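Engineer: Could you have a look at this structure, given as structure tokens, before my questions?
The values are calculated or read from the model by the stated rules, or taken from the named source; none is laboratory data. Keep in mind it's a predicted model, so treat the numbers as computed, not measured. All Cβ positions, glycine included, derive from the backbone under ideal geometry; neighbour counts span all protein chains shown.
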Amino acid sequence: MEKAKINSLIKRIVTSLILIPIVIGSLFAGYPYVQILAFLVGSLLSWEWAQMVPSVRGAFYAVLYSFVVAVSIFMGPSCPYWIVLFGATALAYYKSKDESRRNLLIMGVPYISIGIGSIMWLYELLGFGVVFWFMLVVWFMDIGGFVVGCSLKGPKLAPQISPNKTWSGLIGGILFSVCIGNLYCWYMGAGAHLLYYGVLAGVIAFVSQIGDLVESRIKRSLNLKDSSNLIPGHGGIFDRIDGLIFAAPFVYVLFRYVLIVL
């Protein structure tokens, strides 16, 4: 692995050792700490999106996104939330009529609130254990993709969207996710269902990688490398949780309406 990549990995590890305990501690402590953390992350993500996308009303969009995030967190996937979401999206559509990147300014309303909200909805539905398992799967998709991709390299996954991503990184990330997901399930006493959760972890890891590519596509269209410089070694909030908020609605729908939790 190149020296620059090693230095980047060290920064990521140090930052993660600081941030991950805060996330896990909030999830374990429950309400209201988990709600406060979700709103803080959602507000920072709202600010990033508003400053990432060029506009003449950046503060307005940041406040609008943050408001809808708050509703998604504190009201859940209820009828009032969907009404607020529709109204806020319509307001963003109206306010951005003269903006050059109107599509992204409008997209910020559902993308952020449903992404952050789905994590909270999953937490309310199934609690700490499943949400922590989901986060581990996504985190190790990123870790495995970075380590294996930088070590083995090989054919590019999507060179026009994200030149550094490789097929080896994708496969390595999925394998890391399946392994950590199954290890966690075994530790939690679900060893009899490792095939079930292994397949599920692989699918979720793949979906999270699509989310990573979606973010890369957005940043590339805006000529940006990072969403911001808030997190040393990581870039911005969006850079770190892009896969998480993209996969969260998928995971919530799966556990809420499709799957039987074994």
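Engineer: Look at L19 and say whether it is assigned to a helix (DSSP H, G or I), more than 24 Å from S221 (Cβ to Cβ) and under 19 Å from the mean Cα position of the chain (by Cα).
Structural biologist: yes
Engineer: Consider L183 against the criteria (1) under 21 Å from A158 (Cα atoms); (2) at pLDDT 90 or above; (3) among the aliphatic types (A, V, I, L, M): it satisfies all of them except one. Which criterion is unmet?
Structural biologist: So L183 meets the others, but not (1).
Engineer: For segment 231-259, enumerate the residues that are within 16 Å of the chain's Cα centre (by Cα), more than 20 Å from G173 (Cβ to Cβ) and in a loop (DSSP other than H, G, I, E, B).
Structural biologist: G236, the sole residue that qualifies.
Engineer: Which count do you get for residues in segment 174-196 that are surrounded by fewer than 24 Cβ atoms within 10 Å (Cβ to Cβ), among the hydroxyl-bearing types (S, T, Y) and without any contact (Cβ under 8 Å) to a residue 60 or more places away in the chain?
Structural biologist: So the answer is 2.
Engineer: Given the criterion of a type in the set (V, I, T) and either free of Cβ contacts under 8 Å to residues at least 60 places away in the same chain or surrounded by fewer than 16 Cβ atoms within 10 Å (Cβ to Cβ) (or both), identify the matching residue among I116, I171, I112.
Structural biologist: It is I171.
Engineer: Select from segment 124-146 the residues that are over 15 Å from the mean Cα position of the chain (by Cα) and not small (G, A, S) and write down the one among them that is nearest to L175 (Cα to Cα).
Structural biologist: F146
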